[in-house]
Amino acid sequence: MPAEFPHFRLGVVLATSFTGTLSERHGEAVERIPAPRRLVDWLAIYGLDVRSCTPEQLDLARELRESIHAAATAAALQDPLPACAVRILNDRSRQGRATAMLTPEGKRRWQLQPASALEDALGVIAADAIAIVAGERDGRLALCASPTCRAAFFDTSRSRTRRWCDMNTCGNRQKKARFHANQSRSATVTE
C-alpha cells in the first residue's frame, strides 16, 4: 500500500464500513478511496474481489456510499429516508448479480460475474445496507458522538449504547480532549 493513501477504518458490518471510506465528514474529511485501485483493495478485504475499477465506477461507488450514509443517518435519527438515497440503494441492489456461496469451512463467499464484478460488489453492499436500514438485522443504527465524525454505524453491543463508530479513533480522541480540558480546568483552579 502506498504511503500517500490513508489507512482503511474497518468494521464488521459491510455497509456501514463502506460509509467509513469517507471519515471526519464534519471536520477535515478524509477520503480513503481516492483512486479506483483503492476501491479494489477495500472490496478485496471484504471478500468482494474485483480485478479493476474505472473512474466512472468509482463515482458510482461513492454515490452509493453517500446514499447509504444518508439513509443510515435518517434511520438513526428516525427521520424519513431521503428518496434519492432509497432510489440509488434499490438501483445498485437490483443491478448486482452476485451469488452467495458456502465454503467447505462454513463461511459465505461471494461469487461475482467477470463481466460485472464491480457492479455485483456494489449490489452486495447495497443489499446489506437495505437489510440494516429496514431493521432486518439484530442491532441498531447510531451516529458517532464525535462532532467532527458523525459516521453512521451499526451497534450490535449487548446494551445497544455504543457512542463511537470506532473506539480506537473517535472514542480515544474524545476521551483525550476531555482529559486535556479537565487538566486545563484543574490548572486554572489551582493558580
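The values are calculated or read from the model by the stated rules, or taken from the named source; none is laboratory data. The structure presented is a predicted model; accordingly, all values stated were derived computationally and were not measured. As a convention, Cβ positions derive from the backbone with ideal geometry for all residues, glycine included, and neighbour counts pool all protein chains shown. Surface areas here come from the heavy atoms of the whole protein model, side chains and all, with no ligands, DNA or RNA. Shrake-Rupley method; radii C 1.70, N 1.55, O 1.52, S 1.80 Å.
How many percent of the accessible area of the chain is carbon or sulfur, using a 1.4 Å probe? Before the final figure, lay out the partial values.
Numbers: 5700 of 10830 Å².
C and S atoms contribute 53 percent here.
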Looking only at A15, A98, A134, which one moves most when the chain is put into a Gaussian network model with springs between Cα atoms under 10 Å?
A134
What list of ³J(HN,Hα) couplings, whole Hz, do you get for the stretch 58-65 from phi and the Karplus terms 6.51, -1.76, 1.60, once you set θ to phi - 60° and write x for glycine and proline?
4, 4, 4, 5, 5, 4, 5, 4
Taking amide H atoms as placed 1.01 Å from N in the peptide plane, list the residues 5 or more away in sequence, or in a different chain, whose amide H sits under 5 Å from that of L22.
R32
In the full protein assembly as shown, how much of S52 is accessible to a 1.4 Å probe, in Å² to the nearest 10?
80
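Please tell me the relative contact order of the chain in percent, rounded to the nearest whole number, where contacts are Cα pairs under 8 Å and at least six residues apart.
Details: 270 pairs, mean separation 38.5, N = 191.
Computed value for the chain: 20 percent relative contact order.
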Over the Cα atoms of the stretch 1-56, each weighted equally, I'd like the Debye log10 I(q)/I(0) at q = 0.14, 0.27, 0.29 Å⁻¹, rounded to two decimals.
-0.37, -1.24, -1.33
Debye, to nearest 20: dipole size of the chain, +1 on Lys, Arg Cβ, -1 on Asp, Glu Cβ:
640
State the answer as a single residue: which of L102, L118, T148 lies farthest towards the positive end of the charge dipole of the chain, with beta carbon charges of +1 for Lys and Arg and -1 for Asp and Glu, about the Cα centre.
T148
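What number comes out for accessible area per residue over the chain if the probe is 1.4 Å? Units Å², please.
57
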Leaving ligands, DNA and RNA out of it, work out the accessible area of M167 with a 1.4 Å probe and give it in Å² to the nearest 10.
70
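Using a 1.4 Å probe and counting only protein heavy atoms, arrange D79, D138 so the residue with the most accessible area comes first.
Details: D79 80, D138 125 Å².
Per-residue accessible area, sorted high to low, gives D138, D79.
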Accessible area of V124, 1.4 Å probe, to the nearest 10 Å²?
10
Given N residues in the chain, what is Rg(Cα) / (2.2 N^0.38 Å)?
1.14
Give or take rounding to whole Å, what are the principal axis extents of the alpha carbon atoms in the stretch 32-124, in descending order?
42, 32, 22
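Using DSSP to define loop residues, name the trypsin sites (Lys or Arg not before Pro) in the stretch 78-121 whose beta-carbon has at most 13 other beta-carbon atoms within 10 Å.
Working: sites: R87, R92, R94, R97, K107, R108, R109; in loops: R97, K107.
Those satisfying the criteria are K107.
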In sequence order, what are the phi-derived ³J(HN,Hα) couplings for the stretch 154-161 according to the Karplus relation 6.51 cos²θ - 1.76 cosθ + 1.60 with θ = phi - 60°, rounded to whole Hz, with x for glycine and proline?
9, 8, 10, 5, 4, 8, 6, 10
